[in-house]
Structures are given as C-alpha cells and as structure tokens.
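A quick write-up on the structure given underneath.
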Amino acid sequence: METRQDAVTGTIGCAAALLGALAGIAIWLPYGRKGLFGAFEGETNPTVLWLGLPVLALGGAATALAVLTVVRGRWRPALGLLAALAGIAAFGYAFDVLAAPQALQDCGSPC
C-alpha cells in the first residue's frame, strides 16, 4: 500500500522531470530557430528538430531526476541516471544535434 509520503515524492519527481525537460527545450530554442528558420537561401537542418529537441528534453529530465535522487540520498539510482545522461550526451555529440545549417557555419578566411 502506498503512503502519502510516497505519493508526494512521486509528484515531486514528476514535476522535476517536467521542469528539467522544459529547461532542455528552452536551451534548444535558439539552436532550433537558427537550424529551422535562420538559414541562407532556405537551407534548413531538420536534424536540429528530429534529434536535437528529444536529446535536450531527455537530457534535461534526466539531469533534474539525477539531482533529485542525489538530494534524497539515493546514490544507486543517481549513478544510473548519470550513466543515462552520459549516453544521451554521447549520442548528442556523435550526431552533432545542435549543428547550425551549413550556410550559418563559418567556413574560414577563403569565404
């Protein structure tokens, strides 16, 4: 049987995950705007939307939940969440999910 304290803890966890995901989306917005709408001659980078948004939303939620579990003193779940966060970050770096469209990137002095 679930106690009132467990219900409050679960609600706080859901709220933390939601706030973390919203923070990730807020961080994504400048990159998403540049990647989808700010390109020269209509060039866009759809991976900013299809890969970047989920990576930052999941990363924000995982970060918030990891902080919450550390605050609660539960180290094993926190280590699992940190491992998941490292995997999400590795995926993001591997696929360069925050890359701007090619026209917005600096090509060096010959341009």
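The values are calculated or read from the model by the stated rules, or taken from the named source; none is laboratory data. Just so you know, these numbers come straight off a predicted model, no measurement behind them. All Cβ positions, even for glycine, are placed from backbone atoms using ideal geometry, and neighbour counts span all protein chains on display.
Which condition does LEU68 not pass, out of (1) crowded, with 17+ Cβ neighbours inside 10 Å; (2) in contact (Cβ under 8 Å) with a residue 40 or more places away in the chain; (3) within 18 Å of ILE88 (Cα to Cα), if it passes all the others?
Exception for LEU68: condition (3).
Report, by residue number, each residue of segment 71-93 that is aliphatic (A, V, I, L, M) and in contact (Cβ under 8 Å) with a residue 12 or more places away in the chain.
First, pick out the residues of segment 71-93 that are aliphatic (A, V, I, L, M): 71, 78-79, 81-86, 88-90.
Of everything in segment 71-93, those that are aliphatic (A, V, I, L, M) and in contact (Cβ under 8 Å) with a residue 12 or more places away in the chain turn out to be ALA78, LEU81, LEU82, ALA84, LEU85, ILE88, ALA89.
Quick one: what pairs do we get from segment 43-63, first residue modelled with pLDDT of 80 or more, second part of a loop (DSSP other than H, G, I, E, B) and among the β-branched types (Val, Ile, Thr), C-beta under 9 Å, 6+ apart or different chains?
So the pair list comes out as TRP50/VAL97; LEU51/VAL97; GLY52/VAL97; LEU53/VAL97; PRO54/VAL97; VAL55/VAL97; LEU56/VAL97.
Can you tell which of GLY73, GLY13 is more than 23 Å from PHE95 (Cβ to Cβ) and outside any helix (DSSP H, G or I)?
Values: GLY13 fails: outside any helix (DSSP H, G or I).
One residue alone meets the criteria, GLY73.
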